[in-house]
Amino acid sequence: MKQAITLVLVFALLLSAWSLLPGVAVAQEPDGGTESVMIRTADDLAAISGKPGTYVLENDIDLGGKCLTSPIATLTGAQLNGNGHAIYGYTMESATDIGLFAIEGDAVSTVKNLTIGLPTAHVKLRVTEVKKNVGVVCGNATGNFQLENLFIYADIEGAALTAGGMVGMVSSSGMVELRNCVFYGSVKDSGTGDSQVGGMVGRVENSVQNIVIDGCVNHASLNAPLKVGGIASQIRCAQMTISGCTNYGNLNGAGNNDGGILGEYYLAGSGTVSCVLRDCANYGNVSGAKQVGGILGYMNTNSKSKGGLFLFEGCINYGEINGSGANVGGIIGGVNAKHNITVKECANFGNLSGGSKNRAGICGCVTKMGGEYTFAVTDSLNAGNMISSSRAAGAIGELTNSSEASKYVIERFISLGTLTGASNVGGVMADAKAGTTITDCIIASVLRANGEAPSIGFVVGKNADTATASGNRYFSAGGNAVPTLGDGESAMADWVETLQILNRDYSNVFGPFMLNNSGNGIVRAKPKLSGVAETPAAEGAGMKVRLIASLSNTLRYSEMGFYVSVNGEDVKKLSCHDAYQKVFCTDENGLKMTVSASGLGGSFLYAQILDGISVEGDVVLTVTPYAIDMEKRDVEYLGATYTLHYRNGVYQGAEEVGAKVS
């Protein structure tokens, strides 16, 4: 019997020797139906400025160490296809907005299939004046654009920046799209005032009708005094979708509104309201002051009651979230909203630190919920530990300044972390006000309240008379919690019964669970594909790829390994019986480095090498990690299945495709 895992599990580490660089030419047809102009030199590239048309790079362009003080070309409806090539060998320095291109006009400009910089030679961008817009592709995009399949290797410096790995400021008037873009490098803002720094985009203005960011990945470290986001810092338009995006970079913000995916969503502009974050994951550590979240730092609707869609679905945080001030959440730091908000199938595995008030696995604080609107959390989980100077909860911390007509609905929530606070500590909610309904939740947390007069309960810390509950079950794992919801709560006998209930009723969302090594806690029973390491190909031979997976426990497994298929051919099984706490790999500069299991969120690692991979053309590896139960040999736990994409021996990215091995 094979059990598929439905959690989104993406790469926590990517190690590459980069023996072949992204600038290798590939055979790719230009866009059909339009005559294309071939670009061969920097002068050819500059000549497209202000000219709509279709342009295709025929080769790499090395700018020979040139320092640019302004964009090399202005795109006004141009369709630029990098054709798998690279532009590199330059720096930019200026007192004004900077980026390789300017983007202007209502006609949509497109940049795709292009690498800027090299893994071993990042481009450098530096602004000498404060409060400027910086992006490797474009500093301030006033025109509509689409960016697709871009790899950026760059380092950005300045003060009080609005900066992004792709675009700094977006102030166009129509549709904006970023798809399958990747940023490696860093952003360092040395200022002390306003800043908006994001892995893809700095700030999106309210003139934009709709922005879509899909399948983008940030590996860069971002450092700024205010508003830091792994994908975007601040989005101010009415319609926004961020889907399938991942942040691996550590985010260091000294101020408010910092998030692993998005720093702040600020409702502005006109038209139908739609704010969606779906299937996003954060692996980086995030630090800030107030409103700090693993996915979103702060949602501010500016007290505008417009209805519309506000959805967080399938989002996961693995990073440690640290806030020196109030309102820290594993998914959302804080919400100020007069709208229906739904959090569905989201999970937090990161610890919440900093010690100030209002810590919660889903949302630190909900304020100003107006009218008859509902904040709903369904089929979600917290496994992170937290310490708060006041409220601490598995799902929602503080509720404040909300309308009596507003509602809070928590269904099928799982609380597994150690939750510590000075007052109002609950396995699900710290406070439960009128209109609160909590049903079918599982609480197996250690709950501690250490204040002078704490209110602490397995489900709710402090309960209003009109809050209702049913079907909630708890196991007293330690601490000083008590039942608070009467008939709405029932006790589980021990860890074994708790485990049985989780696997019977909740594994369809989160996969199977198991006891930890000590038998006094519950973890998910699955291997996780954590990284790949490539080795240079010998003359006439194929490339080798080392696949690395992390495990929460090895005592349970008799065999571990990977199912691998190359370009859809027969599935090959790579198996082993040994796991380690550390493995040794080579970084992009050829230096040896240690990869630890704890650094990937697990207790042990195992690794296997797949060799003979062609370095010519497109190669797709389909990889599923697995582990076989030691006692029940017919039970095989499968991790998420991914496709790894290579072109001419160069890693292009990965995507989750679900369980393909039956």
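Annotations for the structure displayed:
- Of all residues in the stretch 603-638, those being of a type outside the set (A, V, I, L, M, F, W, C), open to solvent by less than 10 Å² (accessible area, probe 1.4 Å) and at pLDDT 80 or above number 4.
- The stretch 265-275: number of residues that are in a strand (DSSP E or B) and open to solvent by 10 Å² or more (accessible area, probe 1.4 Å): 2
- Unmet criterion (only one of (1) of a type in the set (A, V, I, L, M); (2) at pLDDT 75 or above; (3) surrounded by 13 or more Cβ atoms within 10 Å (Cβ to Cβ)) for Leu485: (2)
- Tally, over the stretch 421-439, of residues that are closer than 14 Å to Phe458 by Cβ and either open to solvent by 10 Å² or more (accessible area, probe 1.4 Å) or not in a strand (DSSP E or B) (or both): 3
- The stretch 555-574 residues that are touching a residue at least 24 places away in the same chain (Cβ under 8 Å) and among the charged types (D, E, K, R), paired with ones that are open to solvent by less than 30 Å² (accessible area, probe 1.4 Å) and not in a strand (DSSP E or B) (beta carbon under 9 Å, 6 or more apart): Arg556/Ala525
- Number of the condition not met by Ser389 [criteria: (1) in a strand (DSSP E or B); (2) in contact with a Lys or Arg (Cβ under 7 Å, 6 or more places away or on another chain)]: (1)
- Qualifying residue in the stretch 244-260 (condition: surrounded by fewer than 20 Cβ atoms within 10 Å (Cβ to Cβ), part of a strand (DSSP E or B) and among the acidic types (Asp, Glu)): no
Residue-wise test of (1) among the polar types (S, T, N, Q); (2) at pLDDT 95 or above.
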{"residue": "Thr91", "(1), (2)": "yes, yes"}
{"residue": "Phe101", "(1), (2)": "no, yes"}
{"residue": "Thr115", "(1), (2)": "yes, yes"}
{"residue": "His122", "(1), (2)": "no, yes"}
{"residue": "Lys132", "(1), (2)": "no, no"}
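- Subset of the stretch 191-205 [at pLDDT 90 or above and not in a strand (DSSP E or B)]: Gly199, Met200
- Matching residues in the stretch 206-226 - criterion: being part of a loop (DSSP other than H, G, I, E, B) and open to solvent by less than 30 Å² (accessible area, probe 1.4 Å): Val208, Gly215, Cys216, Ala220, Pro225
- Whenever a residue of the stretch 452-477 is on the phi > 0 side of the Ramachandran plot, its partners that are part of a strand (DSSP E or B) and at pLDDT 80 or above, lying with C-beta atoms within less than 7 angstrom and at least six residues away or across chains, give the pairs Gly471/Thr439.
- Residue check for Glu345: open to solvent by 50 Å² or more (accessible area, probe 1.4 Å), under 21 Å from the mean Cα position of the chain (by Cα) and touching a residue at least 40 places away in the same chain (Cβ under 8 Å): yes
- Every pair of residues 6+ apart whose Cβ atoms lie under 6 Å, when the first sits in the stretch 208-230 and is over 20 Å from Asn140 (Cβ atoms) and among the polar types (S, T, N, Q) while the second is open to solvent by 20 Å² or more (accessible area, probe 1.4 Å) and in a loop (DSSP other than H, G, I, E, B): Ser221/Asn250
The values are calculated or read from the model by the stated rules, or taken from the named source; none is laboratory data. Computed from a prediction, not measured in an experiment: that's the story for all the values here. Here Cβ is always computed from backbone atoms with ideal geometry, including for glycine, and neighbour counts include all displayed protein chains. Keep in mind that these areas ignore ligands, DNA and RNA; they rest on the heavy atoms of the full protein, side chains included. Shrake-Rupley method; radii C 1.70, N 1.55, O 1.52, S 1.80 Å.
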